[in-house]
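Report on the structure given below.
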Amino acid sequence: MKAPVIARTRADLVTLLADKRAAGPVVLVPTMGALHEGHASLVRLARERAGGDGTVVVSVFVNPLQFGPNEDLDRYPRTFDADLELCGREGADVVFAPTVEEMYPGEPQVTVDPGPTADVLEGRTRPGHFRGVLTVVAKLFGLVGPDVAIFGEKDYQQLVLIRQLVADLCISGSRGALEIVGAPTDRETDGLARSSRNRYLDPEQRRQAAALSRVLHAARRDATYGVEAALDAARAELRTADGVDLDYFEIRSPDLTELPADPAQIGPGTPARALIAARVGITRLIDNLALTIGGPTTQDPPEGSN
Ligand code: PAF
C-alpha cells in the first residue's frame with residue numbers, strides 16, 4: 001500500500017497535478033470524508049478508470065456552504081486518519097484536504113444557481129443545499145481539471161444536478177470531455193444504503209432504518225403493475241415501518257421531472273426512479289432505486305440503467 005500524497009492548499013494541488021496530468025487520465029472522487037465501504041468502492045472504480053498511469057484524486061472537505069443553519073455541520077463526523085488509510089488501501093494517489101479558509105478565503109460572491117431540479121425532493125427540505133453542493137463541485141472541477149469524476153448514486157438528485165452543471169456550463173476536463181460516472185449504491189446485508197450518517201444511529205434505529213430500502217424494493221417489485229401499484233406497495237411497507245418519520249416518497253422520471261399524470265401515457269418498460277427521505281431518530285436518511293414501470297418482475301433493472 002502506497003500512502004497518498006496530501007495536498008492541503010489549492011496551490012499544492014495544482015502543482016502536484018501539473019506533473020502528473022501528461023501521464024494519464026485524472027479521476028476525481030469528491031467526498032466529505034467519514035469514508036466507509038461505499039466510498040471504498042468509488043475509489044476502487046476511480047483506480048480502474050485511471051489505470052496504472054493515471055492519477056486518482058480524492059477530495060475530503062466538509063463543505064459548509066451545503067449545510068443549512070439547523071443541520072449537522074458541527075457534528076458531521078471527521079475521521080481524517082481513517083479516511084487517509086482507506087484512500088491508500090484503495091489506491092488513491094492524492095488526497096486533497098483543504099481547510100474552510102483555503103476553499104473559501106472570503107464569503108463567495110458568485111455561487112452556482114442549480115435551477116429547478118434543485119427545488120424538488122431534497123431541495124424542498126434543504127433550501128440552498130444544492131447551491132452549496134454545485135458551487136464546491138464546480139470549484140473542485142476547476143482546481144483538479146478531472147477527465148472523469150465519480151459520484152455515488154445514493155445521492156441521486158445530486159448526481160442528476162452535477163450532470164446538468166457539466167452540460168449547461170460546458171465544463172470540460174483537461175483533455176476534452178469531463179465524464180461524470182454514477183456508481184451503484186453500496187448496501188449493508190439488510191439493504192440499508194451505506195452512508196456516513198449511519199454512524200449516528202443507535203442499534204434500534206439501525207434496525208428501523210432498513211425499512212427505507214424495503215419500501216423502495218416493494219415499489220420496484222410492484223412497478224410491473226404500474227405507478228399506482230408501486231406507490232401502494234410503498235405505502236403498505238411504510239405502515240409496517242416503526243420509528244421511520246417519512247419526509248417524502250416519490251416516483252419520478254430518471255431526470256427527476258414528474259411522470260405523466262395520466263397512467264395511460266406511461267408505456268410498458270418506462271424507466272423511473274423511486275426516491276425516499278425519512279428521519280430515524282434525529283438522523284435524516286435518503287435512498288433511491290431504479291424502477292421499470294410495467295416492466296418485467298423477473299429481472300431487476302441494473303442500478304445504473306437510467
Ligand atoms: O456527496 C458528497 O459527499 C458531497 O455532497 C460532495 C459531492 C463531496 C460535495 O461536497
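The values are calculated or read from the model by the stated rules, or taken from the named source; none is laboratory data. Because the structure is predicted, anything quoted here is derived from the model rather than measured. FYI the Cβ positions are ideal-geometry reconstructions off the backbone, even for glycines, and counts take in every protein chain you see.
Summary of computed values
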| quantity | calculated |
| --- | --- |
| Lone unmet requirement of (1) more than 25 Å from G173 (Cβ to Cβ); (2) within 12 Å of the ligand (Cβ to nearest atom) for G68 | (2) |
| Answer from L17, L13 - the residue that is within 16 Å of the ligand (Cβ to nearest atom), in contact (Cβ under 8 Å) with a residue 12 or more places away in the chain and either within 18 Å of P146 (Cβ to Cβ) or crowded, with 16+ Cβ neighbours inside 10 Å (or both) | L13 |
| Selected residue [in contact (Cβ under 8 Å) with a residue 12 or more places away in the chain and either among the β-branched types (V, I, T) or over 27 Å from A40 (Cβ atoms) (or both)] from E250, E179 | E250 |
| Residues of region 228-250 satisfying the condition of being touching a helix residue (DSSP H, G or I) at 6+ places or on another chain (Cβ under 6 Å) and either assigned to a helix (DSSP H, G or I) or among the β-branched types (V, I, T) (or both) | A229, A230, A233, A234, E237, L238, V244 |
| Checklist (1) within 16 Å of the ligand (Cβ to nearest atom); (2) assigned to a helix (DSSP H, G or I) applied to A22, failing item | (1) |
| Pair list, Cβ under 7 Å, 6 or more apart: region 142-171 residue without any contact (Cβ under 8 Å) to a residue 40 or more places away in the chain and within 11 Å of the ligand (Cβ to nearest atom), other residue in a strand (DSSP E or B) and among the aliphatic types (A, V, I, L, M) | I162/I180 |
| A34 within 12 Å of the ligand (Cβ to nearest atom), in contact (Cβ under 8 Å) with a residue 40 or more places away in the chain and either part of a loop (DSSP other than H, G, I, E, B) or under 21 Å from the mean Cα position of the chain (by Cα) (or both) | yes |
| Number of the exception - L73 against (1) away from the ligand (no atom under 12 Å from the Cβ); (2) part of a loop (DSSP other than H, G, I, E, B); (3) closer than 30 Å to E250 by Cβ | (1) |
| Helices (runs of 4 or more DSSP H) completely within region 95-183 that count 3 or more residues being over 13 Å from the mean Cα position of the chain (by Cα) and within 27 Å of D81 (Cβ to Cβ) | 100-103, 129-144 |
| Residue list for region 46-60, restricted to those being away from the ligand (no atom under 15 Å from the Cβ) and out of contact with any helix residue (DSSP H, G or I) (no Cβ under 8 Å at 6 or more places or on another chain) | R47, E48, R49, A50, G51, G52 |
| Only one of D232, D255, D247, D242 that is at pLDDT 95 or above, under 22 Å from L192 (Cβ atoms) and out of contact with any strand residue (DSSP E or B) (no Cβ under 7 Å at 6 or more places or on another chain) | D242 |
| Residue within region 77-89 that is within 23 Å of L161 (Cβ to Cβ) and in a helix (DSSP H, G or I) present | no |
